[in-house]
Amino acid sequence: MFAFILKNLKENLLSYIFVGIGIVLALVVCFLYQATGVTAFNPKINPIIIVFSAISAGIGAISFLCGFKTVKYLAFVLGLFAFLSYVREEITYIANIFTGIDGTTFTPEFIATFACSLLAMVFFLVGAIVQKEILGKKKEIAKEN
Amino acid sequence: MNPVKSVKLWRSLFVVSASFLAVALIGGGIAYDQSAAINSAFKVKTYEVIKGDDEGEDTEYFKRQYTTPEALKEYTDSICRSLEQEGMVLLKNDNGALPLAEGNKISLFGQGSVSLNYGATGSSSTDTSGIIDLKTALSSFEVNPTLWDFYQTGAGSGYRRGKPGLIYKMNEAPWSAYSGVMSSFSQYNDAAVFVLSRDSGEGMDISTIGSDCEGGNYLNLHPNEREVLKQLTALKASGTFGKIVLLLNTPVPVQLDFLFDADINIDSALWIGNLGSTGAYAIDDVLSGKVSPSGKLSDTFLKDNFASPAAATWSLNKDKSFSLPYANAADYPGFNNTQNTYAVYTEGIYVGYRYFETRYADKMMDSPRVGDFDYDAKVAYPFGHGLSYTDFFYSGFEMEEHEDHFLFHVDVMNIGGYKSKEAVQLYLQKPYTDYDREHGVEKAAVELVAFEKTGLLDTGDMETVTLRVEKEQLRSYDANFAKTYIVEEGDYHFAIGTNAHNALNNILDANGIVTDDYLVDPFLVATYHQDAMDKTTYSHSPINEDVEITNQFDFADINKYEGRGENHVTYASRNDWEGTFPKTSEILSITPTMEKDILSYKALPENDGKAMPAYGQDHGLSLITLRSTAEKPVSYDDPRWQDLLDQMSFAEQALLITDGQHNTSLVNSVNKPATKDENGPNGVSGSSTKASFPSEGIWASTFNKELLEEVGKCLAEDALAVGITGIYGPGVNLHRAPFGGRAHEYFSEDPYLMAICSVKETIGMQSKGVVTYVKHFVANDEETNRNGVSIWLNEQEMREIVLLPFEYSFRPDMGNAHATMTSFNRIGCLWTSASSALMENVLRDEWGFDGFAITDMASSNAKTFMTYVDGIANGTSLYDGAGSEKALDDYRGNVFFANKMREACHRILYVTANFSAAMNGISASDEIVPIVTWWQATIIGLRVGFGVLAGGTLVMLGVAVFLIRKEIA
């Protein structure tokens, strides 16, 4: 297994760098949101955001073990779900800023959480896109044999 | 297909479809959350009426008068123009500089000339695109095109005011920039017209620091404005310009000290406010003399905008802000800025002219402890001031006493050379007695108690004007001893005056005190003597004798609040001006009791002795059957209302109460149609005519009750044309100080003037079936930190100044407004909507309010301090936010809360049935059913489509992987 992971990493280093960054960012989202998510606009934490961020990070980690491109895409989809859930949770806050009524501005906490969530999703996607096809390669090897 | 390609294909399709599914699910959720806003924005119909068998029945309960777009547009345009014609105030007119002769050649100065203020931002914003510019509007004159182009496209075009970094800035062009256009001045030299504009808007107050105007204060002159005015003065002296005219295009009072400077010599000054859509034409009407100005100031215009107690407190606070964080706010890290800020209304009843005139009177009467006070150094133009092109002579002033009111008659004659109207103002001086000094009852030296406007009087014409004053207006609120309204023994002087100061001088003169007012006339004073102290006549509700009027707001007066701890503030008192005029900030700290009171989600009682309401029963009633008519009266207490309410489900009630964002939702079980409600103090949002009206201060300055009622009708016609049956207005918060950011939506510093304006507008609007939401109930007099800021004030100010316009608006014997919008702020520690003293004891019991209360925009605060549980439990009926059928599920089992919900629904249904044109076209046999809107159907389709696609592609991906693995194996 270890050898498989090493080989996989070696062949798809760039992809796993992206996925690795995505995992870290997704975990940062969990911690950041948990720590700063309670605001004047939202008195409660929405667990869906943490759960989906954590699952996307977990699935990203699983991709290190199995090496399937689809798994990375799955991490992206879940990351997208977490990101959109965060936007929905903060929609009144965002709307308040864009309507410019109360002079409210984007806080560093919001910007950090928003950016991490968005980037986690993007890194998962890019990681999936740049990964080489395993099944095709396996098929070619099987043919050659 | 190649298995590898097949995997790639299905995987790509899966990722794309799953991504779109996520967007459809969550984006659709956001859309559903905001369905009321979407329906409003796209003018989506949310229900259909299935007609029954009542054909031929007249179901047009409220009738529109202007049914064609052209007629409506003409009507709204003419009303806006009339408001501006009658509302603009001629402050000065030296040597008869105005009117200008038709055909005069004039030069327009100031960036405001090309970027006029037509409206403001926030809830009063309207579509100002395509509104006529000043140059075009001034068709009676030849306007300097070179100078116009200088501002539009030339060297002056880069200078525009704005709000960078949330600070209002003027950025006026320096005199040096005019070098290329100076040669044009001599050709357009009959008058230099300088347009001085200032902005205002919702959400923040006028900048008192950090602006580029003098002293960092946006309401002072910009240095370049001063320089231009100086240079124009020099050019006038050298003969280049014949005269200088100043147009104050600002909804708030600019500090006018510069009008008295030796090096600025302005001949005429007009306050024109924000202009609305056709107000610019009115400027031409007045400048050319087609219309003689007849507006009277609805606010005192000052030489020092920080001179009043309220503004002085503002200037003493850190950052010259109206509010402060509590001194120990850092000890409460769990509190956010909706919980840890406060403001103290140190002025007591002495708002605006009530302060300046009273301290002046005390000075003239040599009262003790008046201190150093120079009226002329503070006041530029008093409340009620306003010149005309003609002169009026008052005579024959008489008072008639009746059982519950007085009638005053005065003959008004036009003795000048122009046809004009005159606003006749009647002021009252109540006796300030030893009882008052002992018990802390404050009395202003004059207060406006009645006004009327004459018809258009030609030279030599005379009109006898009758003014009515209710005896109730003699009352004062004694919050400390009698704890109710009292009428004290003594002389009550009524005086006609050309303004508040002149009326006071008339009273002083009648009492033997000589003033330097050359217009003084002691024969315009009448006196009523009250023989004995009366503590009973006004100690009960005028609407319901069983309701005793006594202190309700001790919790909002920090000196009386039981949890005050060491906190104490000083309110201004005429008994000791020196000792009570603000000298430092009032610093307050949070106490343990305050901490508890500030927190939201207060515990509910389980039961209030009532039974759990019934839901979902079938009594066969429809809302329209409970509409009261002359033939079949149905009172609010009619038992059939309970049967109707039994028909509603809990979910329907929850949706009706919580989903009130610019609408009230339809209720299928009782056949209640949805209503559309919109912003509209200065014009209906989404108007088909794009009609917008001048700032409300200009409305008030008309002193014309008939015109104000017509404005109400006009707003209603404009609203009905686009299916709107409720307007979030009028705004009757107070011009406490010149810096309130939303002053353009409010009428005046004077509660009586404001009250009458609101009453008349409400009567006009509601006569057409458009419900007025009088706002913001209460004390939302400032904007910065408005969310949750604690307002601390004493009960006399609360009742006589802050609440009076609301009282008049709601009382069934006055405005009879059927809805109100509550405010973002707190009074004391409690959010206004969560104060049963305010929402139930005063609003409903004392005043007999039969309508419902909606919150201000709840979406951003509904989960924090504007909570459902706190508001509904204390008399709030509707939330201006996105709600749902499940929003109140947490309280399903609570009998007390369930009955409060039922009461809220009862109020909304009662108002809709009886006073809303939304019921037009609906008869008893009709059924109202919800329909799936096009956008909802689209979301459902997208969700199903992408769900199926994602599922299908996932299966196909699995199959493809299986096949390729099989092949490899």
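Every read-out reported here was derived from the displayed coordinates using simple, explicitly stated rules and does not represent laboratory data. Computed from a predicted structure; not experimentally measured. Cβ placement follows ideal geometry from the backbone for every residue including glycine, while neighbour counts extend to all protein chains displayed.
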In whole percent, what relative contact order does the stretch B:418-505 give with Cα contacts below 8 Å and a gap of six or more residues?
40 percent
Charge dipole (debye, nearest 20) of the protein assembly as shown; +1 at Cβ of Lys and Arg, -1 at Cβ of Asp and Glu
7340 debye
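Once you keep just the Cα pairs under 8 angstrom separated by 6 or more residues, what percentage relative contact order results for chain B? Let's see the in-between values first.
Details: 2263 pairs, mean separation 168.8, N = 969.
Worked out over chain B, it gives 17 percent.
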For the residue pair B:Ile931 and B:Asn607, what label-to-label distance in nm results when each label sits 7 Å from Cα along the Cα-to-beta-carbon direction?
4.7 nm
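What's the local net charge at B:Ser589, with K and R +1, D and E -1, over the other residues with C-beta under 12 Å away? If you can, show how the numbers build up before the last one.
Values: positive: B:Arg564; negative: B:Asp331, B:Glu566, B:Glu586, B:Glu595.
With Lys, Arg at +1 and Asp, Glu at -1, the net is -3.
Work out, in µm²/s and without decimals, the Stokes-Einstein translational diffusion coefficient of chain B at 37 °C, 0.692 mPa s, Rh from Kirkwood over C-alpha pairs. Walk me through the intermediate numbers first.
Values: Rh = 30.1 Å.
For the chosen part, D equals 109 µm²/s.
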Projected onto the charge dipole of chain B (unit charges on the beta-carbon of Lys, Arg, Asp and Glu, signs +1, +1, -1, -1), the Cα from B:Gly242, B:Ser665, B:Leu457 with the largest positive-side position is that of B:Ser665
How much of the pair distance distribution for the stretch B:1-95 lies past 18 Å, counting alpha-carbon pairs only, in percent?
79 percent
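Output the Kirkwood hydrodynamic radius of the protein assembly as shown, Cα pairs only, in Å rounded to one decimal.
Details: mean 1/r = 0.0310 Å⁻¹.
That comes to 32.2 Å for the protein assembly as shown.
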For B:Ser688 paired with B:His619, estimate the spin-label separation in nm (one decimal), with each label point 7 Å from Cα along the Cα-to-Cβ line.
3.8 nm
Would you order B:His568, B:His818 from fewest to most other beta-carbon atoms within 10 Å of each residue's own beta-carbon?
B:His568, B:His818
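Could you tally the net charge around B:Ser288, taking each other residue with its Cβ under 13 Å from the Cβ of B:Ser288, Lys/Arg +1 and Asp/Glu -1? Kindly include the intermediate steps, with their values, before the conclusion.
On the way: positive: B:Lys290; negative: B:Glu102, B:Glu142, B:Asp190, B:Asp284, B:Asp285.
With Lys, Arg at +1 and Asp, Glu at -1, the net is -4.
Report the per residue volume, in Å³, of the convex hull enclosing the C-alpha atoms of the stretch B:353-430.
Details: hull volume 11.0 nm³, N = 78.
Here the figure is 141 Å³ per residue.
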Fewest first, what order do B:His493, B:His735 take by the number of other Cβ atoms within 10 Å?
B:His493, B:His735
For the pair B:Ala532 and B:Glu706, the simple spin-label estimate (label points 7 Å beyond Cα toward Cβ) gives in nm 4.5 nm
Quick one: check the C-alpha center-to-center distance for the stretch B:613-635 versus the stretch B:206-232, whole angstrom.
61 Å
Taking the stretch B:433-570, the whole-percent share of alpha-carbon pairs separated by over 21 angstrom is 59 percent
Estimated translational D of the stretch B:579-694 in µm²/s (Stokes, Kirkwood radius over Cα pairs; 4 °C; 1.567 mPa s)
66 µm²/s
Taking every alpha carbon pair in the stretch A:1-95, what does the distance histogram look like in 5 angstrom bins from 0, in percent?
3, 14, 23, 19, 14, 10, 8, 5, 3, 1, 0
Identify, among A:Gly22, A:Ala115, A:Ile97, the residue whose Cα sits farthest towards the positive end of the charge dipole of the stretch A:2-144, taking +1 on the Cβ of Lys and Arg and -1 on the Cβ of Asp and Glu, with the dipole about the Cα centre.
A:Gly22
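Compute the semi-axes of the equivalent ellipsoid of the stretch B:437-494, taking the square root of 5 times each eigenvalue of the Cα gyration tensor, and list them largest first in whole Å. Intermediate results must be reported in sequence, preceding the final value.
Values: eigenvalues 251, 22, 17 Å².
They are 35, 10, 9 Å, listed from largest to smallest.
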Take the Cα coordinates of the stretch B:857-927, assign each an equal point scatterer, and use the Debye formula without solvent to give log10 I(q)/I(0) at q = 0.15 Å⁻¹.
-0.61
Evaluate the charge dipole of the stretch B:97-291 about its Cα centre and quote only its size in Debye, nearest 20, assuming +1 on the Cβ of each Lys and Arg and -1 on the Cβ of each Asp and Glu.
180 debye
In degrees between 0 and 90, to the nearest 10, how far off the longest principal axis of chain A does helix A:47-66 point, with axes built from Cα atoms?
10 degrees
If R0 is 35 Å, what FRET efficiency do you get for B:Glu102 and B:Met399 from their C-beta distance, rounded to 0.05?
0.20
To the nearest 20 debye, what charge dipole does the stretch B:581-732 have about its Cα centre, counting +1 at the Cβ of each Lys and Arg and -1 at the Cβ of each Asp and Glu?
200 debye
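Could you give me D for the stretch B:279-381, from Stokes-Einstein at 37 °C and 0.692 mPa s, where the hydrodynamic radius is the Kirkwood radius over C-alpha pairs? Units µm² s⁻¹, please.
Values: Rh = 17.2 Å.
Approximately 191 µm²/s, per Stokes-Einstein.
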Expressed as a rounded percentage, what relative contact order does the stretch B:97-291 have, with Cα pairs under 8 Å and six or more residues apart?
29 percent
List the residues, sorted by chain then number, that are 5 or more residues from B:Gly497 or on another chain and whose placed amide H is less than 5 Å from its amide H.
B:Gln425, B:Tyr427
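For the pair A:Lys44 and B:Glu595, what calculated FRET efficiency results from E = 1/(1 + (r/R0)^6), where r is the Cβ-Cβ distance and R0 = 25 Å, to the nearest 0.05?
On the way: r = 21 Å, r/R0 = 0.82.
That gives a FRET efficiency of 0.75.
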Please list the radius of gyration and Dmax for the stretch B:77-122, considering alpha-carbon atoms only, with Å as the unit.
13.9, 41
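Taking 0.36 nm per residue of sequence separation and subtracting the Cα-Cα distance, how much length would be gained by fully extending the chain between B:Ile415 and B:Thr584, in nm to one decimal? Before the final figure, lay out the partial values.
Working: separation 169, 0.36 × 169 = 60.84 nm, distance 5.01 nm.
Here the segment from B:Ile415 to B:Thr584 would lengthen by 55.8 nm.
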I need two numbers for the stretch B:86-159: Rg to one decimal and Dmax as a whole number, Cα atoms only, in Å.
14.7, 42
Cut-off 12 Å between beta-carbons: net charge of the residues surrounding B:Val143, Lys and Arg +1, Asp and Glu -1:
-3
Where the Cα pairs of the stretch B:649-730 fall when distances are cut into 5 Å bins, in %
3, 14, 22, 18, 14, 11, 9, 6, 3, 1
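What number in nm² do you get for the stretch B:97-291 if you take the convex hull of its Cα atoms and divide its surface by four? Before the final figure, lay out the partial values.
Working: hull surface 41.7 nm².
Computing the convex hull of the Cα atoms and averaging its projections yields 10.4 nm².
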In degrees, nearest ten, helix B:751-766 long axis to first principal axis of chain B (Cα):
50 degrees
